[in-house]
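Bear in mind that the values in this text are calculations on the coordinates, not laboratory data. Keep in mind that this is a model prediction, so the values were computed, not measured. Don't worry about glycine lacking a Cβ; one is built from the backbone with ideal geometry, like all the others, and counts go over all protein chains shown.
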Amino acid sequence: MSTNKFCFRVSVETRDETGEMMAVYFQIRKGKTKTTKEYADGNVFADYDKHGQLLRIEMLGPCRESVLDRIAKAAPEKRFVRGAVPRGMLAAT
């Protein structure tokens, strides 16, 4: 499997009773996770493959847009994440 092939997807998990957003999942590429890094005091996790390519981002709480920009460094990844992140998951700057 090519590690360069993008497979962009986003899903949002909400609380059934209230509709409150609980988590946002971004898939950038398919692949097996080698490393997971924590960002934004445990609100965001990023999975990387053995080549250091970004596979997925999991947001469990609000974070600053700059954190997402630091994770999604390449232009296609950054455009996707910036365009898909729900407003309620961005922390005030």
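Observations on the model:
- In order along the range 54-61, the phi-based Karplus estimate (6.51 cos²θ - 1.76 cosθ + 1.60, θ = phi - 60°) of 3J(HN,Hα) comes to 5, 9, 8, 10, 10, 9, 9, x Hz; Gly and Pro are listed as x.
- Applying a DSSP loop filter and a limit of 14 other Cβ atoms within 10 Å to the trypsin sites (Lys or Arg not before Pro) in the range 1-68 leaves 5, 15, 32, 34, 50.
- FRET efficiency, residue 91 to residue 50 (Cβ-Cβ, R0 35 Å, nearest 0.05): 0.65
- Springs join every pair of Cα atoms under 10 Å in this Gaussian network model of the chain, and among 75, 23, 40 the largest mean-square fluctuation is at 75.
- Between residue 66 and residue 20, the simple spin-label model (points 7 angstrom out along Cα→Cβ) gives 2.8 nm.
- Across the chain, the longest piece that holds none of the GluC sites (Glu not before Pro) lying in DSSP loops with up to 10 other C-beta atoms within 10 Å covers 21-93.
- Point-charge dipole on Cβ atoms (K/R +1, D/E -1) for the range 9-85, about Cα centre, debye to 20: 620 debye
- Sequence of 89, 59, 22 once ranked by neighbouring C-beta atoms within 10 Å, starting from the fewest: 22, 89, 59
- Label-point separation in nm, residue 35 to residue 12, each point 7 Å along Cα→Cβ: 3.2 nm
- The chain: angle of helix 75-84 to the longest principal axis, Cα-based, in degrees nearest 10: 20 degrees
- Residue-by-residue Karplus 3J(HN,Hα) for the range 36-48, coefficients 6.51, -1.76, 1.60, Hz, glycine and proline x: 10, 10, 9, 9, 6, 6, x, 7, 9, 10, 10, 9, 10
- Across the range 13-30, coupling constants 3J(HN,Hα) worked out from phi with the 6.51/-1.76/1.60 Karplus curve, θ = phi - 60°, read 9, 10, 6, 4, 6, 10, x, 5, 6, 10, 7, 10, 10, 10, 9, 9, 9, 7 Hz, and Gly and Pro carry x.
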